[in-house]
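Student: What follows is a single structure, and I will ask about it in a moment.
Values quoted throughout were computed directly from the atomic coordinates according to the rules given, and no laboratory measurement underlies them. A quick note: this is a predicted structure, and the numbers were derived from the prediction, not measured. Note that we place each Cβ from the backbone using ideal geometry, even for glycine, and neighbour counts take in every protein chain shown.
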Amino acid sequence: MVRPTIAALLSSALLSALPQALAQNDSFVCTGVNEANNYNATIEYLGCYTDDTIRTLEGPQINIATNSPQICADMCGYRGYNLSGVEYTTQCFCGTYINSAASKASEDSCSYICPGNNSATCGDTYFMNLYQIDDPNPNPPPIVSKRSPACLTNPFCANAACETSSSQSDRIAALLSQMTVEEKAQNMVDAASGVPRLGLPSYEWWQEALHGVAASPGVTFNSPNGSNFSYATSFPTPILLGAAFDDPLIYSVASTVGKEARAFANYQQSGYDFWTPNINTFLDPRWGRGLEVPTEDSFHAQSYVANLIPGLQGGIDALESKQIIATCKHYAVYDVETNRMGQNYNPTQQDLGEYYLQPFKTCVRDVHVGSIMCSYNAVNGIPACASEYLLQDVLRGDYGFTEAYRYVTSDCDATGNIYRPHNFTDSAADAAAVSLNAGTDLDCGSTYLQLNASVANGSTTEAQIDISMTRLYNALFTVGYFDGQAEYDGLSWADVDTPAAQNLAYTAAWEGMTLLKNDGLLPLSSSASSVALIGPWANATEQMQGNYQGIAPYLISPLQAAQAQWATVTYSLGTAINTTNTTDFAAALSAAQDADVIIYAGGIDVSIESEGHDRTTIEWPGNQLDLIDQLSQLGKPLVVVQFGGGQVDDTALLANDNVSAVVWGGYPGQDGGNALVDVLVGKQSIAGRLTTTQYPASYIEEVNLFDPNLRPSNDSPGRTYGKFFRESTSLSSQYTNKWYQDQPVLPFGYGLHYTTFSYEWCTLPKDSYDIVSLVGSTSPGSYAGSPSVNDASPWVTVAVNIGNTGKVSSDYVGLVFAATDNAGPAPYPNKWLVSYARLHGLDAGASEELQLSINLGALARANADGDLVIYPGDYQLLLDYDSCLTFNFTLTGESTVLTPLARQQASYNFTVPVHPQA
């Protein structure tokens, strides 16, 4: 295995890039004096400069809601820097020199108006207005790397908000009583300004950590790579993590990400809250952000977040003391990028209750996530961030999202989008009012800066602002922002990318890889004399990280790992991801002709699927299939590795007898090359399962991208899962999946192994149950009342004896589905996932009992109102995608609501004129 050694020495020069704070130690003296108020920088404009991957200024980034050239220069100059730059409206950068990588651009490139001075420009996207500070403070405050709690900084320490003998609620009320409406508005945006006159520090709420601490406005990675806080562990993206079907693995990954994120926060490299995870489901195969989510299945997503959130936040009971604050997003019915900021969806209540809202319910009710992010789109005519139905009736009413420290943030600019392009209100100030009134506490953007106007015109109130501000400050108390937090404040650079984290990143990568075809070629011989490695993923590095990525400590490409495995490896690009250019075909074919084994590494990447960019086809892009076909005609063993998040139609590869094996590799992260090669040679057992249906390419012609309905109709063959049968199986014994009514290329849950297994039920449910015995004599009430029985309540644990009847050790994933053809409303789903678990390292010839826990929600289906109901009727449990074992049982008695869904009111009382979308 190839893995470089990383130096981890902190240089004093890099510490200068950290924001100023007073050290938390016994020498701190609270003076209550704000010396920064006495400094005013003298500045000269230098011009508009580029500011791309390599930062133009080496010092700290400060995010300021009311940013302007003067305010930014005052902050930088007070810290002793002689250069300042304003960018992307709210970003302020400090430095002592201009990086040689930067270049002067035309003034037109810097066009964003400064929120704190509408006569000045504050850069643009990757462009900065740069200023010389003529009189930097000759006696700057000491540079301290570790963050101090706000109440151990001057002058805020003398504020009534820091009086620890008062209750937390009284302390927050004391702070709010000192703030003007305008100052409150400036602290309800992601780049919260703090209150300089009180000494309350600024705070950036926007941090990302989808599969590791990620580049984002609130996260700073130092340079060069190898210095303190210059990188973080880069795990596979969630679509590959989900394919492992290994909940303990998810908890371990999340715990590591949360620990590293808190270490960054402790040393002022980030804030304490992180806008992760994305728990929308991968409904449409064209969705550009499918790589960010674990699955198309709502139950799988629920199980994923049930393990992820406790890992991130510090445990299932981390309520008022958290490692970090996690944010489940995007609430709700969001799974298309096209027109995402203005699109309206009208899902049925049945699909809302049974599918779209399920992962959010688990996040909020069951694992106590600290924050929810409302989405760009509208639901039933009302933008999600202005929807009292979603934010009040369901979230705070049904799910109990009512604790003082839980808050809702908007997606970035989603509050502004209520005005344009949704055209729901007549002004941005009205958009701010309806969003706040509905229960959106924080605005990622700048629209909430108009809340003072909203209050003045009577469309909202200062009392409503105080409700949201109180939630935000209570949330910051849970992570020690004001007073410190002994449990987590000790996390440091030593806790980032540890050897255990590196091993975990490697394990997570190989566990999710999935075998789609194998004629016996795999596992490859480790002693093959020569290997040709061909394709646009063969030498992938940054590609392996997908999106929402940070700086990785290292990136081991497939080529690097292959060269460490085999004596002779010949690499050829062959073709790009999406091109018709065949110039490199000849070199690739020549390399393949001279090899014993050909490995083609291709598929799709973020140039094909990404945020803001849906796919227009689910075929292999460009001429990759043409090259693969020509390689297959050389008479050499050929392995195709398909990378990317969304599935592509593999029909041609599965039908081509000259393609010996097909492996799906997702986006495998920092150790992806090692993981892939070790799977190909059998050092690790391949046992991943597809978490999305692989549809035929024609599917997208049959389903409208904007159709949110899952059930089949005259206009749609249905969404998620699908019928599946092998060539040796007659149509009368088809293996079926959920709603899709046609034959997929490969179904949800599909995955092969290097061995074979035997299966035998060990523990099963009873043959019949009276519904009353399961849920009690009356239907439980809403979540707010904490019912003792709901869809998350346990029902039974079934057990299966799994025998390894082959010749090699292997992991095995057990999937249990349920089905019915007479219980509840028609149409009936083909089947639905109700449990899964993973066995590890089952030796050849050995057997082991696999325990699979099933909740009461497995028995429930949604009625027309979206309530989850247990219906009488005949049911079946099925093991695996091919139903290798089945068990029949019956439920008797009256239909009973297990978990109700709030009814939408006939109308909601908006304080301004609104225009719902059709």
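Student: Loop only by DSSP, 14 or fewer other Cβ within 10 Å of the Cβ. Give me the trypsin sites (Lys or Arg not before Pro) in the range 778-886 that pass, ordered by residue number. Please list the in-between numbers first.
Tutor: Numbers: sites: Lys807, Lys831, Arg838, Arg861; in loops: Lys807, Lys831.
Taking the range 778-886 and a limit of 14 other Cβ atoms within 10 Å, the loop trypsin sites (Lys or Arg not before Pro) found are Lys807.
Student: Please get the size of the charge dipole for the chain, origin at its Cα centre, with Cβ charges of +1 on Lys and Arg and -1 on Asp and Glu, quoted in debye to the nearest 20. Before the final figure, lay out each step's value.
Tutor: Working: 38 positive and 91 negative charges, 154 e Å.
Its charge dipole is roughly 740 debye.
Student: I'd like the Karplus ³J(HN,Hα) series for the range 207-219: coefficients 6.51, -1.76, 1.60, θ = phi - 60°, whole numbers in Hz, and an x wherever there's a Gly or Pro.
Tutor: Each residue's phi maps through the Karplus curve to give 10, 10, 7, 4, 9, x, 3, 10, 4, 5, x, x, 10 Hz.
Student: Please list the helices of the chain that count as membrane-span-like by this rule: a mean Kyte-Doolittle hydropathy of at least -0.5 together with Cα atoms stretching 18 Å or more along the helix axis, each helix being a complete DSSP H run. Can you show the working numbers first?
Tutor: Details: long enough: 247-266 (28 Å, 0.11); 298-313 (22 Å, 0.26); 462-477 (22 Å, 0.22); 499-512 (20 Å, -0.19).
Span-like helices here: 247-266, 298-313, 462-477, 499-512.
Student: Which one of Gln268, Tyr251, Asn280 has its Cα pushed farthest toward the positive end of the charge dipole of the range 231-300, where Lys and Arg give +1 and Asp and Glu give -1 at the Cβ?
Tutor: Gln268
Student: Also: List, in order, the whole-Hz ³J(HN,Hα) value for each residue of the range 747-763 obtained from phi through the Karplus relation with A = 6.51, B = -1.76, C = 1.60 and θ = phi - 60°; use x for Gly and Pro.
Tutor: Karplus values, whole Hz, x for Gly and Pro: x, 3, x, 6, x, 9, 9, 8, 9, 10, 9, 10, 9, 8, 4, 10, 10.
Student: While we're here: Within the range 285-397, what percent of beta bridges assigned by DSSP are antiparallel, to the nearest 5? Working shown, then result.
Tutor: Working: 2 of 8 bridges.
Percentage antiparallel, nearest 5: 25.
Student: Relative to the present Cα-Cα distance, how much length would full extension add between Ser223 and Ser847 at 0.36 nm per residue of separation? Could the numbers behind the result be given before it?
Tutor: On the way: separation 624, 0.36 × 624 = 224.64 nm, distance 5.05 nm.
Result: 219.6 nm gained on full extension.
Student: Oh, and also: Can you show me the helix-derived [θ] at 222 nm for the chain, built from DSSP H runs with n ≥ 4 at -39,500 (n - 2.57) apiece and divided by the number of residues, rounded to the nearest 500.
Tutor: Working: 20 runs with 178 residues, N = 918.
Estimated from H runs of four or more residues: -5500 deg cm²/dmol.
Student: How far apart, in nm, are the 7 Å Cα→Cβ label points at Tyr126 and Ser165?
Tutor: It is 5.7 nm.
Student: In the chain, which cysteines lack any other cysteine Cβ under 4.7 Å from their own?
Tutor: Cys762, Cys884
Student: State the answer as a single residue: which of Ile465, Val33, Gly342 lies farthest towards the positive end of the charge dipole of the chain, with beta carbon charges of +1 for Lys and Arg and -1 for Asp and Glu, about the Cα centre.
Tutor: Val33
Student: Counting other Cβ atoms within 10 Å, which trypsin sites (Lys or Arg not before Pro) in the range 187-282 have at most 14 and lie in a DSSP loop?
Tutor: Numbers: sites: Arg197, Lys259, Arg262; in loops: Arg197.
The qualifying sites are Arg197.
Student: Can you list the equivalent-ellipsoid semi-axes of the range 461-539, largest first and in whole Å, using the square root of 5 times each Cα gyration tensor eigenvalue?
Tutor: Numbers: eigenvalues 529, 82, 27 Å².
In descending order the semi-axes read 51, 20, 12 Å.
Student: Over the alpha carbons of the chain, what is the largest minus smallest coordinate on each principal axis, giving the biggest first in Å?
Tutor: 83, 71, 50
Student: Moving on. Report the full-extension gain for the segment Glu182 to Leu654: residue separation times 0.36 nm, less the Cα-Cα distance, to one decimal in nm. Before the final figure, lay out the partial values.
Tutor: On the way: separation 472, 0.36 × 472 = 169.92 nm, distance 6.25 nm.
Roughly 163.7 nm would be gained on extension.
Student: Determine, from the Cβ-Cβ distance of Asp742 and Ile467 and an R0 of 41 Å, the FRET efficiency 1/(1 + (r/R0)^6), rounded to the nearest 0.05. Can you show the working numbers first?
Tutor: Details: r = 50 Å, r/R0 = 1.21.
Calculated value: 0.25.
Student: Evaluate the range 605-656: find the radius of gyration of its Cα atoms, find its Kirkwood radius, and give the ratio Rg to Rh.
Tutor: Numbers: Rg = 12.6 Å, Rh = 12.4 Å.
Rg/Rh: 1.02.
Student: Antiparallel as a % of all DSSP beta bridges within the chain, to the nearest 5? Don't jump to the answer; show the numbers that get you there.
Tutor: On the way: 82 of 120 bridges.
Counting DSSP beta bridges with both partners in the chain, the antiparallel share is about 70 percent.
Student: To continue, here is another question. Past the 28 Å Cα-Cα mark, which pairs from Lys636/Lys683; Lys184/Lys259; Lys636/Lys807? Before the final figure, lay out the partial values.
Tutor: Values: Lys636/Lys683 23 Å; Lys184/Lys259 31 Å; Lys636/Lys807 25 Å.
The pairs that break the limit, which is 28 Å between Cα atoms, are Lys184/Lys259.
Student: Let me ask something else. What FRET efficiency do you get for Asp821 and Ser773 if R0 is 30 Å and r is their Cβ-Cβ distance, rounded to the nearest 0.05? Before the final figure, lay out each step's value.
Tutor: Working: r = 24 Å, r/R0 = 0.78.
Between Asp821 and Ser773 the formula returns 0.80.
Student: Starting from 0.36 nm per residue, how many nanometres of slack lie between Thr911 and Val789 once their C-alpha separation is accounted for?
Tutor: Numbers: separation 122, 0.36 × 122 = 43.92 nm, distance 3.83 nm.
So the extension gain works out to 40.1 nm.
Student: For the residues Ser572, Ser111, what sequence is obtained by ranking on other C-beta atoms within 10 Å, fewest first? If you can, show how the numbers build up before the last one.
Tutor: Values: Ser572 20, Ser111 13.
Listing Ser572, Ser111 from fewest to most nearby Cβ atoms yields Ser111, Ser572.
Student: Answer rounded, prolate or oblate for the range 520-682, using the Cα gyration tensor with square roots of eigenvalues a ≥ b ≥ c: rounded when a/c is under 1.5, else prolate when a/b is larger than b/c, else oblate. Provide the component values of the computation, followed by the final result.
Tutor: Working: a/c = 1.64, a/b = 1.17, b/c = 1.40.
Oblate.
Student: Calculated FRET efficiency, Ser27 and Ile113, Cβ-Cβ r, R0 41 Å, to nearest 0.05? Provide the component values of the computation, followed by the final result.
Tutor: Details: r = 44 Å, r/R0 = 1.07.
Calculated value: 0.40.
Student: Give the Rg (one decimal place) followed by the Dmax (whole number) of the range 755-899, computed from C-alpha coordinates and expressed in Å.
Tutor: Taking only Cα atoms of the range 755-899, I get Rg and Dmax of 17.0, 54 Å.
Student: May I pose another question? Suppose every K and R has +1 on its Cβ and every D and E has -1 on its Cβ; what is the size of the dipole of the range 520-682 about the Cα centre, in Debye to the nearest 20?
Tutor: Working: 2 positive and 16 negative charges, 66 e Å.
Around 320 debye, computed over the range 520-682.
Student: Only Cα pairs under 8 Å and at least 6 apart count here; give the relative contact order of the range 520-682 as a rounded whole percent.
Tutor: On the way: 328 pairs, mean separation 52.8, N = 163.
About 32 percent, as a whole number.
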